[in-house]
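Structure first, then comments.
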Amino acid sequence: MTTPATGTPEPAGNRSARKRAAILAAAAEVFLRNGYMGASMDEVAATAAVSKQTVYKHFASKERLFTELIESSVGQVDEMFRSAVDALHDTEDLDADLTALARRFVTFVIQPDVMRLRRLVIAEADRFPELGRTFYEQGPQRVTASLADCFAHLHERGLLRVDEPRLAAYQFCWLVLSIPWNRVLFCGTDQMPAGAELEHYATTGVRVFLDAHRPAGQAAGPRSRK
């Protein structure tokens, strides 16, 4: 195969990486549609437009493919949230920046495919306990740890009052996420809230959080009062 820009042969490493990415994308589609038991390597191969032998060359078994799919998806969530928390670390307007983080967080987590993936991991937790533990440790637990470190830093700056940063991080996540998350998790993605509803949950969740953790006598940030 040649590269479109130059007409030169495509390096084998690039071709292999491209096929691997295509297989993972196809696996996500198949597993999310059919569940683990209903998915087959034949269907993954057909969806990825590669041979079954190519799928097995990259992933030795359906279990290995499923595991790598979950692990790669968890990394995407962590990367998104970590960059948002890093921006909050040096905030000059806590109300506005914490609200922006909350909106980004809830909008990302309540995406249909993210929710389907989480539901799939829960459904297969007994079959793949180590995978479930990995998902928890590299997803929710790592998110709250990153947020807790940020809250501890903001406490030291005098912008927050948090005696238990880890607990405060869990409280924050559930204040902005629990209502839409539970509804979609149990009722399905056809119950997906509209963007304005998600923004309302984020904004009011942050307000309640800051009411509990704002240092005594400190006023709200300038943009949050508009």
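The values are calculated or read from the model by the stated rules, or taken from the named source; none is laboratory data. This one's a predicted model, so the numbers in the text were calculated from it and none came from an experiment. Positions of Cβ are generated from backbone atoms using ideal geometry, with glycine treated the same way; all protein chains shown enter the neighbour counts. With ligands, DNA and RNA removed, areas are computed over all heavy atoms of the protein, side chains included. Shrake-Rupley method; radii C 1.70, N 1.55, O 1.52, S 1.80 Å.
Quick look at the values:
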| item | result |
| --- | --- |
| Residues of segment 25-40 satisfying the condition of being surrounded by fewer than 18 Cβ atoms within 10 Å (Cβ to Cβ), closer than 12 Å to Leu65 by Cβ and of a type outside the set (Gly, Ala, Ser) | Tyr36 |
| Residues of segment 208-226 that turn out to be surrounded by 15 or more Cβ atoms within 10 Å (Cβ to Cβ) and modelled with pLDDT of 85 or more, as a count | 4 |
| Count - residues of segment 63-89 that are in contact (Cβ under 8 Å) with a residue 24 or more places away in the chain and within 24 Å of Gly132 (Cα to Cα) | 17 |
| Segment 151-166: number of residues that are open to solvent by 30 Å² or more (accessible area, probe 1.4 Å), closer than 15 Å to Gln218 by Cα and part of a helix (DSSP H, G or I) | 2 |
| Lone qualifier among Val106, Val85 - being under 30 Å from Tyr170 (Cα atoms), in contact with a Ser or Thr (Cβ under 6 Å, 6 or more places away or on another chain), in a helix (DSSP H, G or I) and open to solvent by less than 50 Å² (accessible area, probe 1.4 Å) | Val85 |
| Test: residue in segment 90-101 that is farther than 27 Å from Val208 by Cα, crowded, with 19+ Cβ neighbours inside 10 Å and touching a residue at least 24 places away in the same chain (Cβ under 8 Å) | no |
| Selected residue (criterion: farthest from Phe186 (Cα to Cα)) from residues of segment 109-129 that are open to solvent by 70 Å² or more (accessible area, probe 1.4 Å) and part of a helix (DSSP H, G or I) | Asp113 |
| Filter pass, Val74 being open to solvent by less than 30 Å² (accessible area, probe 1.4 Å), modelled with pLDDT of 85 or more and not polar (S, T, N, Q) | no |
